[in-house]
Amino acid sequence: MYKRQESKRYGVAIDQKFSNTLFGGLEYSKRDLDVPFLRPGNTSGELDWDEKLIRAYFHWAPHKWMALTAEYLYEEFDRDKRFSDGALDVDTHYVPLGFNFYHPSGLSAFLKGTYVDQEGKFDRLDNIGTFINGQDDFWLLDAAISYRLPKRYGFITVGGANLLDEKFQYFNTDRDNLRIQPERYIFGKVTLAFP
């Protein structure tokens, strides 16, 4: 009989308002996963995967039209050697630094630079089950401009991720929700809100 995947998540967080213009916070979470899998010959097994996340942030609004942000995010993934789904263990540090601008006319913009440092033991594509050490660090630049439609009926946004088309070696731990774009990505979107 096939068993469902089970996970337990533990976490603690604190958010603090230091003044009318400075906010900060700290969070820690841990997730334990029991991941079922089938072996050749229809025998089943269970894997132990562990994930940890630490996040700290500061937001400062020195003027009513602008905000500066600084964050630190640390992710740690440890997976069972029998089925690692691409990586045995991964440690990633993210340091996003951002500038946000909001004009009363409805125009807004943001610019964010993110430093990423990742290292781990990754599956060799030519020999699954054999792991190699890997490491890369790099900077990414993201930006967007938005205009708020009259009467708050929505937004029109144009922007881009990885604007400098930085090339890097990076392992996305969640393939369904990419945190980092591997190539330059330009987008436009319209968001409507009906009363």
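The values are calculated or read from the model by the stated rules, or taken from the named source; none is laboratory data. The model shown is predicted, which means the values in this text are computed figures rather than measured ones. Ideal geometry is used to build each Cβ from the backbone, glycine not excepted, and the neighbour counts take in all protein chains shown. Quick note on the areas: whole protein, heavy atoms, side chains included, nothing else; ligands and nucleic acids left out. Shrake-Rupley method; radii C 1.70, N 1.55, O 1.52, S 1.80 Å.
So here's what we get for this one:
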{"read-out": "Conditions (1) open to solvent by 40 Å² or more (accessible area, probe 1.4 Å); (2) modelled with pLDDT under 95; number of the one not met by Trp49", "value": "(1)"}
{"read-out": "When residues of region 60-79 are limited to those that are among the hydroxyl-bearing types (Ser, Thr, Tyr) and within 14 Å of Val116 (Cα to Cα), the one least open to solvent (accessible area, probe 1.4 Å)", "value": "Tyr74"}
{"read-out": "Filter result for Phe83 (assigned to a loop (DSSP other than H, G, I, E, B) and hydrophobic (A, V, I, L, M, F, W, C))", "value": "yes"}
{"read-out": "Residue match in region 69-80 (condition: in contact (Cβ under 8 Å) with a residue 12 or more places away in the chain, touching an Asp or Glu at 6+ places or on another chain (Cβ under 7 Å), among the hydrophobic types (A, V, I, L, M, F, W, C) and at negative phi)", "value": "yes"}
{"read-out": "Residue match in region 83-101 (condition: open to solvent by 50 Å² or more (accessible area, probe 1.4 Å), at pLDDT 95 or above and farther than 21 Å from Gln181 by Cβ)", "value": "yes"}
{"read-out": "Residue check, Asn177 without any contact (Cβ under 8 Å) to a residue 12 or more places away in the chain and either open to solvent by less than 90 Å² (accessible area, probe 1.4 Å) or β-branched (Val, Ile, Thr) (or both)", "value": "no"}
{"read-out": "Failed item in (1) closer than 19 Å to Phe99 by Cβ; (2) open to solvent by 50 Å² or more (accessible area, probe 1.4 Å); (3) more than 21 Å from the chain's Cα centre (by Cα), with Arg152 passing the rest", "value": "(1)"}
{"read-out": "Number of positions in region 102-117 that are over 20 Å from Lys167 (Cα atoms), in a strand (DSSP E or B), touching a residue at least 40 places away in the same chain (Cβ under 8 Å) and open to solvent by less than 60 Å² (accessible area, probe 1.4 Å)", "value": "1"}
